[in-house]
Structure formats: C-alpha cells, structure tokens
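Comments concern the structure below.
The values are calculated or read from the model by the stated rules, or taken from the named source; none is laboratory data. The structure displayed is predicted, hence computed values, not measured ones. Neighbour counts are summed over all protein chains in view; Cβ atoms, including those assigned to glycine, are modelled from backbone coordinates with ideal geometry.
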Amino acid sequence: MRVPSSTELFRRDLMEQPVLFEEYSGTRKVILNRPSKLNTLTLEMVSQMSNKLQIYEGDHTVNLVILKGNGKAFCAGGDVIGNMCSMLTGHWSYGASFYKKQLTLDHLIATYKKPLICLIDGVVMGGGAGISMHGSFRVVTEKTVFAMPEASIGLFPDAGASYFLSKLPGYFGEYLGLTGARMDGATMLACGLATHFVFSKDLPPLEHALSSVESSNASEILSVISKYTHKSNVKEEEFHKRLKSINKCFSRQTVDDILHSLLQSVDRDNCTAEIIIWCRKRSC
C-alpha cells in the first residue's frame, strides 16, 4: 500500500479545516470550508474567525480582509442540526457558547476597522447573513440566494438582522423577516443589501486584483471592485413596483392584519398571492 507523501497529508489536513486563512501581501482571506454542509457555522468556526479577525484588525501590515465560502454556498447559517444534537444529549452549554460567540463575531464585523469585502456567491442565510451583511463591501453574483428563514422554525431573524433589515426601503425588511422569502443577487442590489453585483466567473480575477491593493483606502478598493461590476438583470422600477405592494400590506401592526390586507389585494395585485403563501407557511 502506497504511503501518502507529506505534501498529500498537508493538503488533506487543509481540506479538513473548517476555516482556511490565507495571506497575500497586505490582504488576508478568511475562507469557510465546509462545502458539504453548505459552510454552516460551528462553534469552532466562529471562534477561529473571531480570533483571526481581531489579529488582522490590530496588524498594521494588513490592508483589507476578504471573506468567502468554498463550494456552492457562501454560508447557509448556523449548524442548527449540530446545535440540536448537542442540546438533546444534555450539552446545553454548547448552544449558549455558540450563540454568544456568533453574535460577538457579528458585532466585530459590524464595527471592523479595516475594509472587509464579502464575496457572497451562492446561498447566504441566517447566520451567513450575520457575517456578511455587516461587511464594508457586499459583493453578490447571479448565483446568490439570500433569506432569513428563522420564522419557519419559530425563531426570529437574529445575527443583527434587526439592524440591517431596518435599513431597507419601506417595509421590505418586515416582509423578509416575517416570510423568510428568498432573494437573488440582483434584488439584493436593488434593495440595498448588496453593494456590488459581479458575475461568478469574475470573482477569481477580482480576488487577484484586490490582493494587489496596497492600502486600506476605501476609494481605491471601490475602484478595483467597480472594474468587475455589472448591471444586474432586475431593473430598479421593477423592485419599487413590488415594494409598493409590500409597503401597503406590511405596514400593518399584526400578522393577522398583514394577511387581511394581502387577501384584500390579491385580486388586484398578482405578487401578493405568493406572499400570502410564504406568510402562511413560515409565520402563521
């Protein structure tokens, strides 16, 4: 039987690490590395990320940090199954430690003193939104799928969602939080959750270009990202037309009143039929 070489063992060890950390001159990369689990977050992962990000923040040689995920997802949130299994076996402290660490990480990212570029390619939900929606630059692609689905399991949108959803136009944040509705990257850009839209195939050259940035100057970073930015396939007027219906219904004070308003509008507005289904499935 062939004995694996030291190089093969090193690569295998890297592949088994849930988070990878890479250095390129003044750029640091934080790479979520659980592709088979859609990069769902564990206590180990959020602990490692918090420690490294604090080190990078205090290092004067670091200009910027890139956060991304390996595989088809950016991050599908916290590892709910793992947390539940721990609690069902009596390890309640694991869940408490996880959420404390996760929310502390979200706050660190929201107040980070260096530019943080989140490359959101694929699924981004729940806790995944918590580590990306607070970033300085939020780059989405045609493969991005966003949602805050906590209402479907009897929870509320956490991970700082009450902050970033409240900044959205009109009552769009209430709509997303109550229904858990999914959005593509183009809609994220239109509503303000994303700062840039880049095609997935252009992310590698964008990463390479960012690795050559020699300062933390936001204008310089913006200039680099803008070279790879494309117009999304959702027009602003289409989003605002949808927002008009959402504002009318989701400005109500209770879920029952929201549903009543939606039912009254369904014959006049086709988009409300889908919203009613989401509300009943996810929140009621």
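Take Ser50 and tell me if it is more than 19 Å from Thr27 (Cβ to Cβ) and modelled with pLDDT of 95 or more. Yes: the conditions hold for Ser50. Condition (residue is touching a Gly at 6+ places or on another chain (Cβ under 8 Å), at pLDDT below 75, outside any helix (DSSP H, G or I) and farther than 21 Å from Thr179 by Cα) applied to region 228-239: is it met by at least one residue? Scanning region 228-239 turns up at least one residue that is touching a Gly at 6+ places or on another chain (Cβ under 8 Å), at pLDDT below 75, outside any helix (DSSP H, G or I) and farther than 21 Å from Thr179 by Cα.
Any residue at all in region 177-191 that is exposed (fewer than 15 other Cβ atoms within 10 Å of the Cβ), assigned to a helix (DSSP H, G or I) and either of a type in the set (Asp, Glu) or in contact (Cβ under 8 Å) with a residue 12 or more places away in the chain (or both)? No, region 177-191 has no match at all. Take the conditions (1) surrounded by fewer than 24 Cβ atoms within 10 Å (Cβ to Cβ); (2) in contact (Cβ under 8 Å) with a residue 24 or more places away in the chain; Trp92 misses just one of them, which is (2).
Determine whether Asp267 is at pLDDT below 75 and not aliphatic (A, V, I, L, M). Against the criterion (at pLDDT below 75 and not aliphatic (A, V, I, L, M)), Asp267 qualifies. For Ala159, the conditions (1) in contact with a Ser or Thr (Cβ under 9 Å, 6 or more places away or on another chain); (2) modelled with pLDDT under 90 all hold with the exception of (1).
Residue-level check: of (1) surrounded by fewer than 20 Cβ atoms within 10 Å (Cβ to Cβ); (2) among the small types (Gly, Ala, Ser); (3) on the phi < 0 side of the Ramachandran plot, Gly170 misses just (3).
Out of Ala161, Ala209, one residue alone is under 14 Å from Met125 (Cβ atoms), surrounded by fewer than 22 Cβ atoms within 10 Å (Cβ to Cβ) and of a type in the set (A, V, I, L, M, F, W, C). It is Ala161.
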